[in-house]
Amino acid sequence: MKTIKLSLMILMAGLLLVNNPVYSQNKYEVAFGVGVPELLSARIKYGRNLQVGVCAGFYTFDWYGSTVLDWSVAAEVTYHFLGKSKFVEVSPWYVLGGLGYFHLPVYNIYEDYDVACYPRIGRTFNFSKRVGINMDIGAFLPLSAATDIYPYSYSFQALWCGNVNFFVRF
């Protein structure tokens with residue numbers, strides 16, 4: 001069941017991103033960064049003021065002599081809404097909404113959950129027309145329990161989340 005959910009999320013995100021031809025208007029954005037709970041992450045977004053995209057994160061731990069891979073995948077929508085930037089027409093303040101699957105068996109407070117949504121608010125710092133940093137913070141709202149760790153139990157707990165990433169526009 002988890003594999004089907006993950007496959008559908010990747011397929012939907014791929015259809016959103018692949019059907020659009022590449023324009024010379026800097027509509028594609030690729031970002032790499034670090035965040036909670038997505039760990040080391042890579043993002044691909046399409047759009048200007050309203051962006052749709054996907055995020056994949058991973059991290060490996062040495063857990064009592066064996067290597068464990070924590071990973072996540074999510075679909076995201078970002079809306080830029082306030083302020084002016086010196087280098088680009090896109091507003092620097094934004095809200096981000098994401099829905100993702102998180103496989104984090106070693107990652108403390110997030111290990112109890114596998115599907116969650118995360119609304120965030122953030123700011124873009126543009127260094128030039130193509131390069132900059134995004135910083136955001138928000139809430140991690142779990143939608144289901146990780147049944148491989150704690151079967152048949154679900155205890156809702158809103159947690160904090162955030163991300164800092166370096167991006168390049170194409």
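Give me the net charge for the shell around N49: Cβ to Cβ below 13 angstrom, other residues only, Lys and Arg +1, Asp and Glu -1.
+2
Give me the one-decimal nm value for the distance between modelled label points at Y64 and F125, 7 Å along each residue's Cα-to-Cβ direction.
Distance between the two pseudo-spin positions: 4.1 nm.
Give the accessible surface of the stretch 40-170 per residue, rounded to a whole number of Å², with probe radius 1.4 Å and ligands, DNA and RNA excluded.
Per-residue accessible area for the stretch 40-170 comes out at 53 Å².
The values are calculated or read from the model by the stated rules, or taken from the named source; none is laboratory data. Model, not experiment: these values are computed from the prediction. Note that we place each Cβ from the backbone using ideal geometry, even for glycine, and neighbour counts take in every protein chain shown. Areas reflect the complete protein model, heavy atoms only, side chains present, ligands, DNA and RNA absent. Shrake-Rupley method; radii C 1.70, N 1.55, O 1.52, S 1.80 Å.
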